Structure formats: structure tokens, C-alpha cells
Amino acid sequence: MSRDNQPLKPSRRRFLTQASTLGAGFGLQSVLPAWARSGEANSMIGLQPMSGTEFDLTVGMAKTAIDGRVGRSILVNGQLPAPLLRWREGDEITLRVHNNLHVDTSIHWHGILLPFQMDGVPGVTFPGIRPRETFTYRFPLMQAGTYWYHSHSGLQEQAGHYGPIVIEPKDADPVAYDREYVILLSDWTFEDPHRVFAKLKKMSDNYNYQQRTVSDFFDDVRSDGWDRTVDDRAMWGQMRMNPTDIADVTGATYIYLINGHGPRDNWTGMFVPGERVRLRIINASAMSIFDVRIPGLPMTVVQADGLNVQPVETDEFQIGTAETFDVVVQPTKHQAYSFIAESNDRSGLARATLTPEMGLSVAVPKRRARPTLTMKDMAMKHDMDSMDHGAMDHGGMDHGAMGHHGAMKHGAGPAEECIDEQDPANDFPSGPGIVGRAMCPTNRLSERPLGLQHVDHRVLVYTDLKALERNPDTRPPGRELELHLTSNMERYMWSFDGLKFSEVDEPIVFHKDERLRLTLVNNTMMPHPIHLHGMFFDLVTGDHNHKPRKHTVVAKPGEKLSVDITAEAVGDWAFHCHLLYHMHAGMMRIVSVVDSEAMT
Ligand SMILES: [Cu+2]
């Protein structure tokens, strides 16, 4: 099939039909930027980005068609997602951001190394952009790769204020490919994001429609036996937790989008069999962690968070909120493939199609069984598969008392892996913001993510990632900082060390040019994608010179992981969980990189 001989564009035709049924006055046709439109002739030859060194971006609000319904969203230059910005490493760029909203806005350039005044976090690095005002960002590009941008004001990101960035390398790209697509994942709700947050505050498992039922109970009995099932149930009940509590906000309210297209809109990218197709996959969602696969097509991961990694082939990977992964696929057959991004709690999925010809049909796999948390996710000694229930004392296992009871250690296994609470060195903060402590946190970087432990194909784990280039700083860390991820889930309180952002006066201080190790201990039952602005994390995977370097790292439940950081960039930087409502609830800090020599 020739590139010029593109058949009709069913997806676009349907889109226009929807637009006319929804009312002609909304200007819906222009809402999707060209790069995000599906099955277009021009998508055969690549994306239509905004490129160059000078950009004007206008933030506004308008009605938008999403998966056949009308919602109100925040648009940049009238588009959802916001325009693809295509930059070149080494250029200095200027971006004038005009605010047409009635409230303040901002743009943060996620993963971009720049002077902190250009980082775009209101109250941390600049005052924000007032209505009708313009803020001019200007910075040099010192890196290449796939990144994204989004509002750092209130809950605007949930309402559509996000877009992709591709920075072309100034030297030859080590990744070979014939065609590329940006695949930007997001979660859309027709509810007002503030209402979503208010509902979470009122009842944190509001969107968890997947709680286990009586029939689940009898299924469990059939597979696990009566005693085990009753034990398991009683235990979860006494902990006042829910083993299906994987995500706070779920497919009960979300539609999962790819390039602004819902599953019905079915974003479609074309290929010629035999081509190497690079997919730049960005998780621009507010609250969702996705499991990504293309059934029948292996994916070679070549980049993570914008930086090249040694190519590694896999069949599925998990992408945390704000992470990016670039993969290369090479479909050789004349057939269509489904690109599937399933939310990690299995409450919904985003789907797109890769095809050599419009109209080829391909099955969308059914959603898989929802995962359930195990005792390992609580950082207890054993998971349910190996636990000796007979020896456990369930009586004292109140969630509120988690970690303050000898029974939590179960008496088995090497004690040194668990925390000795008698040791004053293991002091743990207390207060209303903390319920629960991981008593036996473990490094889980080589483990498959929750929900993918038992799938019968290859799954990427963090320790598979190795930087393509030697790490720029291989000094051993001079000091270590430990930070606890904490929560009181029932009250929807999320924090570091038990204190929410508004309760903390002091920043976390890094000293300029020091190499330090930051250790994160996740005392909560949820995975948290933790993001530091302005600097990369070198993930401590055991590799010496080729640690994967990331701007966002997902800490699994009950996990203790470390990252090494070179504190190069003087200034104040936001450091937070990238689940939007967790950040909003207070899981955030400021990191100040201080040049003490300059001060003396
Ligand atoms: Cu979080």
C-alpha cells in the first residue's frame, strides 16, 4: 500500500459525525492536534509537531468531545492533548505561555534540566501565571529524548493540561527506526477534579467498585481451601484494609485515553510491514499506572524517562504515572495489532491500533483478573503463598496497630531483615498522618510489578534497565538520607515522614556537587511514582557504572529502595508523589540545593 494511497479515515469520519451530533458550535474538529489524530495520511510520515525555538502556548478552557461525550477540559492552543513540542538538543528555546483561564496556571517541563526559575512550580520556583498574563520561559536544552509537560497548578492536569515533548539529539541517535509515534496515555473523568478529590477525602475507597464479594469468597474457598480463605478474610477485615485497594481513582469514573482518544475512538497508527516503529510512550495520567503490551509483538525498550538504555526485549512493562518508555517494534506481518494499556487495578484500559491498512480488525483482549495485595505488600515477612497461618496471631492485627505488635514478624525468617523497634536508630515518626509501618521493607527493584507476577510472558523489571552510556558521576555517595512514604488511607492523608507539605517549614537540603543516596521506604499499601525536579535519580540496582537514570521511580508497597543523586542544580526543586491527588493531599517537599561555599 502506498503512502499516498491512504484509504478513508474511519476514525476521523466517526469523530466528525460525533462532532455534528454533539453540536457544531464547539469547534470540536480542531481540538485534537494533528499528531494525535488517528489514521491520517500525514501520520504515515510522522507527526506534525510545533518545532523551532520560539513558541506561543495559550492555556484555555473549552468543551471537548471525548470518546463520544462532551466534557469541559483545559486546552493548550485549543488542543487536547496539548501540542507536541519538538525541540533540538543544544538549542535555547523561548516559550511564551498566555493564560486565558479565570484562575492561575503554570507549565512544568517534566524531566527537563533547566534553571529552577524556569521549572514552573507555583509557590516554589515562580509565582504562577495570573489570568490574562503571559510568562516567558527561556532555557537551553542540555539533553535529548522523550519528555512531557503539564500544569503544576491545582488539579489542572486532571482536566487535560498536558502534552508531549520530543528532543532530537544533536548527534546521531543510537536508536534506529523508520517511523515513530508518540503514545500519550491519560485518564479522563467527566467529573470535576475537585469533586473527585472531595469524594476521596470523604471515603477513600469511593472508586473501588471491585471489592471482594461473597462469590469471590467461594471462588477463593474452591482454590485455596476453607481454612486459608477464612484466615485471609479475617485478617484483611481486622486490618480494616481492602486487598483490592490498588488504585484510588479507577475505571469507575475514568476513561483511559491514548493521544486524546478513548477506546471507542481507537487511535490508529499506520506501519508498513518490516518497518521498525518507535513508540514514545508517556504516562501523562493524573492517577493511573498502566500495564502496557502489544499482544503478538515483542517490544524492545530503548529509553526510559528520556535517557537511552541498553536495548532490552520484553512482552509487557508497567509504566508509572509520569514515567516514559520508548520501545521499538518491528511488525513483519500484514496484520493489525492492539496496543493495550491496562490500568494496574484492571478497572479499565486504553487501547490503540497499529495496522498496515485501515479497516483491518483486531481483537481487544479482555481485561485480566484484578490483582490482590499480599502480605509482602505490607512489608510483612511472608506473602500469602508461604505464610504459616496457624502460627499467626490475628487478634492484634489492627491496621492502626500495624507494626506495633510482635505478631507482625511471624517469628520466621532472618530477623535482621526486619526493623528492631527497640533500637532508637529505628525511631519512626508518629501522628494522625501515619497509620502503619513497613516492618520488613524489602528492595523490590528486581520484582515484577503488582498484577504482573504471574503472567506467562516476559515482564520488564527495573533491574533490567541499564544506562546505555556510562553514568556521568560514579562517585560513591557521601551521605544517605532516608525518607518514609506515609499515609492514613482512611482519611486520605498522604505524606513524607508523616507530615504533609503544608506542615513543613524547612526544605530538604542537598549541598551543591555532593553525591548523596536517597532511600525511600514505602510504608503504605500503594505504589507511588516519586519524582524529583531538576535532577535525575540513578537507581541503585546493583550496577556500578550503568545505573538506569530516571526522573520518576515507582516505589512498590512495602518497598525500600535507593537512588543516588548528584546535586548539581542550585535552587529550590519540587519533590513529590506524581499521583496528583496524593501530591494535592500533601505528599510533597521542597529540595533546596545549596551552594554553601558561595554563601560563606
Ligand atoms: Cu502517592
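At-a-glance table
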quantity: Any hit, the range 132-150, residues being assigned to a loop (DSSP other than H, G, I, E, B) and within 22 Å of residue 197 (Cα to Cα); calculated: no
quantity: Selection within the range 301-355 - outside any strand (DSSP E or B), within 17 Å of the chain's Cα centre (by Cα) and among the aliphatic types (A, V, I, L, M); calculated: 322
quantity: From the options 595, 505, 572, residue that is open to solvent by 40 Å² or more (accessible area, probe 1.4 Å), more than 13 Å from the ligand (Cβ to nearest atom) and in contact with a helix residue (DSSP H, G or I) (Cβ under 9 Å, 6 or more places away or on another chain); calculated: 572
quantity: Candidates 564, 543, 456, 473 - the one that is under 24 Å from residue 325 (Cα atoms), assigned to a strand (DSSP E or B), charged (D, E, K, R) and more than 16 Å from the ligand (Cβ to nearest atom); calculated: 564
quantity: Residues within the range 129-154 that are closer than 18 Å to residue 59 by Cβ and open to solvent by less than 10 Å² (accessible area, probe 1.4 Å), tallied; calculated: 6
quantity: Test for residue 111: is it closer than 20 Å to residue 575 by Cβ, open to solvent by 60 Å² or more (accessible area, probe 1.4 Å) and not hydroxyl-bearing (Ser, Thr, Tyr); calculated: no
quantity: Residue list for the range 520-530, restricted to those being within 21 Å of residue 509 (Cα to Cα) and more than 10 Å from the ligand (Cβ to nearest atom); calculated: 520, 521
quantity: Single condition residue 287 does not satisfy, out of (1) more than 29 Å from residue 75 (Cβ to Cβ); (2) assigned to a loop (DSSP other than H, G, I, E, B); (3) among the aliphatic types (A, V, I, L, M); calculated: (1)
quantity: Unmet criterion (only one of (1) modelled with pLDDT under 95; (2) over 18 Å from the mean Cα position of the chain (by Cα)) for residue 541; calculated: (1)
quantity: Tally, over the range 319-352, of residues that are open to solvent by 10 Å² or more (accessible area, probe 1.4 Å) and among the charged types (D, E, K, R); calculated: 2
quantity: Every residue from the range 79-107 that is closer than 28 Å to residue 348 by Cα and open to solvent by less than 30 Å² (accessible area, probe 1.4 Å); calculated: 80, 81, 82, 83, 84
quantity: Members of the range 546-558 found to be buried (at least 24 other Cβ atoms within 10 Å of the Cβ), more than 13 Å from the ligand (Cβ to nearest atom) and either more than 17 Å from the chain's Cα centre (by Cα) or assigned to a loop (DSSP other than H, G, I, E, B) (or both), listed by number; calculated: 548, 551, 558
quantity: Residues of the range 476-502 that turn out to be part of a strand (DSSP E or B), open to solvent by 30 Å² or more (accessible area, probe 1.4 Å) and of a type outside the set (Asp, Glu), as a count; calculated: 4
quantity: Qualifying residue in the range 575-585 (condition: more than 16 Å from the ligand (Cβ to nearest atom) and out of contact with any strand residue (DSSP E or B) (no Cβ under 6 Å at 6 or more places or on another chain)); calculated: no
quantity: Selection status of residue 58, of a type in the set (S, T, N, Q) and farther than 17 Å from residue 533 by Cα; calculated: yes
quantity: Single residue of 510, 537, 496 found to be aromatic (Phe, Trp, Tyr) and within 12 Å of the ligand (Cβ to nearest atom); calculated: 496
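Matching residues to (1) modelled with pLDDT under 95; (2) within 26 Å of residue 85 (Cα to Cα):
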residue: 202; (1), (2): yes, no
residue: 230; (1), (2): yes, no
residue: 237; (1), (2): yes, no
residue: 248; (1), (2): yes, no
residue: 269; (1), (2): yes, yes
residue: 281; (1), (2): no, yes
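The values are calculated or read from the model by the stated rules, or taken from the named source; none is laboratory data. Everything numeric in this text was worked out from a predicted model, so none of it was measured. So basically every Cβ, Gly included, is an ideal-geometry build from the backbone, and we count neighbours across all protein chains shown. We work out accessible area using only protein heavy atoms, side chains counted, and drop any ligands, DNA or RNA first. Shrake-Rupley method; radii C 1.70, N 1.55, O 1.52, S 1.80 Å.
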